[in-house]
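For reference, the structure discussed in these notes is given below.
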Amino acid sequence: MELSARTSPYHLPFLISTLFLFHFAAVTPIGVNYGTFADNLPPPAQVAQFLKDRTTIDRVKIFDANPDIIRAFSGTGILLSITVPNGDIPSLADPRTARRWVGSHIQPFYPQTKFQYILVGSEVLHWGDQNMKANLVPAMRSLHNALTRANMTTIKVTSPHSLGILESSDPPSLARFRPGWDRDFLAPMLLFHRRTKSPFMVNPYPYFSWTPKTEAFTLFRPNPGTRDRVTGKNYTNVYDLLLDAVFSSMKRLGFGDVKIAVGEVGWPSRGGPGMTHCTVENARWHNLNVVRKAGSGVGTPLMPGRTFETYLFALFNENLKPGSDDERNFGLFRPDFSAVYDIGIMRESQPGGSGAKPTPVPAAGKQWCVAKAEATDAALRANINWACTNGGVDCRPIQEGGACFKPNTTRSHAAYVMNSYYQAKGHQDFNCDFSKTGFVTAADPSYGTCKYSA
């Protein structure tokens with residue numbers, strides 16, 4: 001995916017989902033895709049420290065091998081997976097080139113940075129040319145052998161795939177990989193995964209199958225489901241159906257024993273005109289259910305009892321991603337680390353919470369004023385202008401060179417000046433109203449050298 005460019009009325013299912021999540025949040029391995037198609041993101045060191053200190057995310061995928069990001073995760077204990085660019089795949093089929101690649105991209109940072117996977121390309125069968133496809137499995141083998149030779153056998157090699165690898169998915173029991181790809185590329189790859197005990201990684205996106213007619217089925221909401229005419233299994237959400245379609249396709253080739261990992265899955269919180277399904281509530285509800293699925297042990301109709309290592313897409317909203325508005329709004333967080341919505345991954349938040357909150361640091365007896373998640377940039381800019389010109393707020397800290405200038409975003413600057421006004425005027429709730437764009441929190445939004453008064 002990185003290559004391409006209302007409150008729910010179903011209270012009972014939400015309660016059940018929340019209880020599941022509360023029970024499994026501490027043990028569920030949840031990862032996130034850390035993309036960098038933006039010009040307003042915080043430095044990698046701040047990102048790594050934020051994930052370590054403030055969230056339960058314990059694994060991260062990046063779409064390159066950026067040494068600054070790799071270095072930033074040193075000593076954090078967070079598992080990091082890095083990506084080989086698609087264009088480098090043919091050369092890495094050569095064992096000597098693979099050894100040099102490992103020597104330059106892994107060894108200087110190992111073991112201080114805990115590498116989990118080398119991801120060989122991204123959705124290569126979908127996006128790559130014939131030379132990339134033909135050399136994909138050989139490159140995977142060469143990199144695996146290079147890691148073994150360097151005595152770094154805990155690092156596994158895999159490659160994420162779009163579900164364009166499937167010829168069909170419904171009914172899932174009859175699903176199969178695309179002819180030609182199945183025997184030429186996927187069977188040798190699955191054999192590699194079996195021998196190296198590495199997972200077959202796929203990117204199932206229920207979002208891309210959404211239609212107004214299938215909204216409940218796509219978004220894990222109550223619906224009668226769809227029955228597999230062969231097995232009689234009933235599917236009440238498209239996510240289970242897609243995972244079982246991958247499983248059936250693997251089993252058809254004789255590799256039903258190979259583990260499946262979810263490399264990307266997500267839902268945008270905002271879209272362009274007419275994209276009414278791109279809402280904060282839909283994104284929260286979708287990802288809440290994905291997190292529950294990851295480690296609940298429920299599995300799927302064809303894979304009961306399985307857990308799925310899962311990487312949500314994405315860590316941040318990315319303002320430079322090409323395409324429509326939805327592509328730029330898949331993030332769990334804004335660049336100032338405020339949550340777009342809450343799915344229970346913050347260490348101090350309650351699992352399944354419904355409100356988007358700033359990064360919390362408990363401070364008994366103190367309160368701060370911050371911006372609401374749904375506040376628009378236009379409204380927040382108006383807050384800044386009013387507070388700095390008529391509200392008596394000292395706005396030098398948010399000016400260039402000031403302690404709170406970075407990240408240079410409207411939301412971050414607005415939060416600082418709104419809180420400064422609220423504190424100066426005596427901590428009354430109405431001093432944090434700002435035309436219904438502010439709210440009072442007991443979570444300290446301070447970060448780095450930027451300290452919010454209280």
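Please go through region 212-232 and pick out each residue that is in a loop (DSSP other than H, G, I, E, B) and either among the polar types (S, T, N, Q) or touching a strand residue (DSSP E or B) at 6+ places or on another chain (Cβ under 9 Å) (or both).
Passing the criteria: N223, P224, G225, D228, T231.
For region 258-281, give me each residue that is outside any loop (DSSP other than H, G, I, E, B) and farther than 14 Å from Y205 by Cα.
Listed by number, the residues that qualify are I260, V280, E281.
Check every one of the helices (runs of 4 or more DSSP H) wholly within region 59-165 and list those with 1 or more residues that are within 25 Å of the chain's Cα centre (by Cα) and surrounded by fewer than 22 Cβ atoms within 10 Å (Cβ to Cβ).
It comes to 67-72, 95-105, 124-127.
Residue-wise test of (1) under 20 Å from T376 (Cα atoms); (2) small (G, A, S); (3) part of a loop (DSSP other than H, G, I, E, B).
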| site | (1), (2), (3) |
| --- | --- |
| G402 | no, yes, yes |
| N408 | yes, no, yes |
| H413 | yes, no, no |
| Y416 | yes, no, no |
| Y421 | yes, no, no |
| F430 | yes, no, no |
| S453 | no, yes, yes |
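Does region 413-434 contain any residue that is surrounded by fewer than 19 Cβ atoms within 10 Å (Cβ to Cβ), within 27 Å of the chain's Cα centre (by Cα) and within 22 Å of P42 (Cβ to Cβ)?
no
Name the residue that is farthest from the chain's Cα centre (by Cα), counting only residues in region 299-332 that are under 17 Å from A261 (Cβ atoms) and assigned to a strand (DSSP E or B).
Residue satisfying both the conditions and the ranking: G299.
List, please: which pairs have Cβ atoms under 6 Å, are six or more places apart or on different chains, and start with a residue in region 252-271 that is over 17 Å from K61 (Cα atoms) and end with one that is buried (at least 24 other Cβ atoms within 10 Å of the Cβ) and small (G, A, S)?
Close Cβ pairs (under 6 Å, with a partner that is buried (at least 24 other Cβ atoms within 10 Å of the Cβ) and small (G, A, S)) amount to W267/A283; S269/A283.
Within region 383-412, how many residues are surrounded by 15 or more Cβ atoms within 10 Å (Cβ to Cβ) and within 23 Å of S269 (Cα to Cα)?
5
Based on what the data block shows, is R54 modelled with pLDDT under 95 and over 21 Å from M201 (Cβ atoms)?
Here the answer is yes, as R54 does meet what is asked.
Among the candidates V265, V246, which residue alone is touching a strand residue (DSSP E or B) at 6+ places or on another chain (Cβ under 7 Å) and either more than 21 Å from F192 (Cα to Cα) or surrounded by fewer than 19 Cβ atoms within 10 Å (Cβ to Cβ) (or both)?
Among V265, V246, only V265 is touching a strand residue (DSSP E or B) at 6+ places or on another chain (Cβ under 7 Å) and either more than 21 Å from F192 (Cα to Cα) or surrounded by fewer than 19 Cβ atoms within 10 Å (Cβ to Cβ) (or both).
Out of (1) under 29 Å from P322 (Cα atoms); (2) assigned to a helix (DSSP H, G or I); (3) among the hydroxyl-bearing types (S, T, Y), what's the single condition that is false for S248?
All conditions pass for S248, except number (1).
Just wondering, is there one or more residues in region 184-192 that are of a type in the set (D, E) and under 28 Å from the mean Cα position of the chain (by Cα)?
no
Among the candidates T279, T236, single out the residue that is surrounded by fewer than 23 Cβ atoms within 10 Å (Cβ to Cβ) and under 22 Å from E318 (Cβ atoms).
Exactly one residue qualifies, and that residue is T279.
The values are calculated or read from the model by the stated rules, or taken from the named source; none is laboratory data. All values reported here derive from a predicted model rather than from experimental measurement. Glycine gets a Cβ as well: all are built from the backbone with ideal geometry, and neighbour counts include every protein chain shown.
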